[in-house]
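One structure below.
The values are calculated or read from the model by the stated rules, or taken from the named source; none is laboratory data. For clarity, every value in this text was computed on a predicted model and none was experimentally measured. Backbone-built Cβ (ideal geometry, glycine too); neighbour counts: all protein chains shown. Surface accessibility is based on the protein's heavy atoms, side chains included, excluding ligands, DNA and RNA. Shrake-Rupley method; radii C 1.70, N 1.55, O 1.52, S 1.80 Å.
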Amino acid sequence: MDNKTIDRSLEAQLASIHEAQTQSGTVNADDVQQFIVQAKSLPNWYFLSCRGFNIPFIHEGKAYAFTNEQFAERARLHYARRAFPVEVQKHPIYNGSVFEMFVRYGAKTVSINKGASGISMKAEMFAAPEDTDGAALNRLVAEMTMKMLQGDERGYEEAADGFSRAFCAASVLYFPSPNDSDMPKMEKGYIDGAEKDVFYIFSDSVEARMFYPSLRARFVRVYTKELLTRMPGAEFVMNPASSSILIGNDIRDEIEEYRSYRRRVQEEVEKMVGPTGDVHALSEAILKYNDIRSEFVAGLNGDEFELPKSNCVVVNGYTASMLMRTVAPNHVEAYAKLSKMRDALTAGEQRS
């Protein structure tokens, strides 16, 4: 069966599923499964990407795939009118399905043939995440890229800050040097217009194989903080085949700061709940959001923990002080509760 025949068959299935959803709100499970199987077999999909990058455009957790270029172009124009710098690309841009790429970049749903009797489905129905750390980094890379292309400085700074924190806690892959497996292979790269010796690192195995498709040797996985400590002063580029993120001194500084306040938070949590308490879960909750973590760390600067007297973090109308007077037995539980309330609010916004 040629590609055009598959296209027509898929479009007919899509129209049928779309009509069933519109009329009754329910779709036969066998029809959905048949569609998924055939969708995976389509060799070429069109998708919306961030302009100039091999990165999918993901808006509010949704990626966009199309059976033909005309549908894709129609969607591109729709988002271009809304000032989203997107373009149409044809997959495959590397080995692997378009749906696997969407999952790798953290998409929750996939819109197929948007605006043309299309449907939306959960991305996990097509592909399972390969690498949690990789998905977290890739999602933030996609967000940073789109904010940069839009000229949204504040949005870019927020996304870049999120990327830095995620990168500090992540692990990456590298292709080892022939002479020393503890070091990545040295490459020639261009930074600020000048050729320099750089080291390439990758958020996941797919990104690594995009750049080194013919190498059979095993890649090495390492925690980022360990690699940067092991190679002080080295310049790294992450995912050179798609996004080329330069890992500079600002991220190195972030790692040192992250280590410092993470240790202080964990020590305070253990002091308050004891070694048998859930030190890890409470610490991670307090560390999750910058404003909550910053306020908590500021409170540790005196002999006793001090709550702020003004400009307090407010979540859903509550401050840490208010929670300590009502439901939280101490400041550790209060700030962890603020973080969990923020989680609930964020989840509610995404559902709406």
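Remarks
- Highest average packing first - 282-289, 97-104, Cβ atoms within 10 Å: 97-104, 282-289
- Ranking ARG81, ARG76 by solvent-accessible area of protein heavy atoms (1.4 Å probe, all protein chains present), from largest to smallest, gives ARG81, ARG76.
- Calculated FRET efficiency for the pair ALA12/ALA281, C-beta based, R₀ 51 Å, to 0.05: 0.55
- Spin-label pair MET125/MET231, simplified geometry with 7 Å Cα→Cβ offset, distance in nm: 4.2 nm
- Cross-link pairs beyond the 22 Å C-alpha cut-off, checked among LYS147/LYS188; LYS62/LYS337; LYS225/LYS340; LYS271/LYS309; LYS108/LYS225; LYS40/LYS114: LYS147/LYS188; LYS62/LYS337; LYS225/LYS340; LYS271/LYS309; LYS108/LYS225
- Computed lengthening from ARG325 to ILE93, 0.36 nm per intervening residue step minus Cα-Cα distance: 77.9 nm
- Linear extension gain, ASN54 paired with ALA80, 0.36 nm per residue minus alpha-carbon span: 7.6 nm
- Take the Cβ atoms of ARG218 and GLU187, set R0 to 22 Å, and the FRET efficiency comes out at 0.75.
- With the simple model of a label 7 Å out from the Cα in the direction of the Cβ, ASP291 to LEU307 spans 1.8 nm.
- Given R0 = 25 Å, the distance between the Cβ atoms of GLU69 and SER205 translates into a calculated FRET efficiency of 0.25.
- Equivalent-ellipsoid semi-axes for the stretch 263-352 (Cα gyration tensor, √(5λ), whole Å, largest first): 21, 16, 12.
- Projected label distance in nm at LEU345 and GLU267, using a 7 Å step from Cα toward the beta-carbon: 3.1 nm
- Working note: Karplus 6.51/-1.76/1.60 with θ = phi - 60° gives the stretch 265-271 the couplings 5, 4, 5, 5, 4, 5, 4 Hz, where Gly and Pro are set to x.
- Paramagnetic reach from ILE36 (point 7 Å along Cα→Cβ, amide N under 20 Å) across the stretch 66-99: 66-67, 96-99
- Segments 338-347, 165-174 sorted - mean Cβ within 10 Å per residue, highest first: 165-174, 338-347
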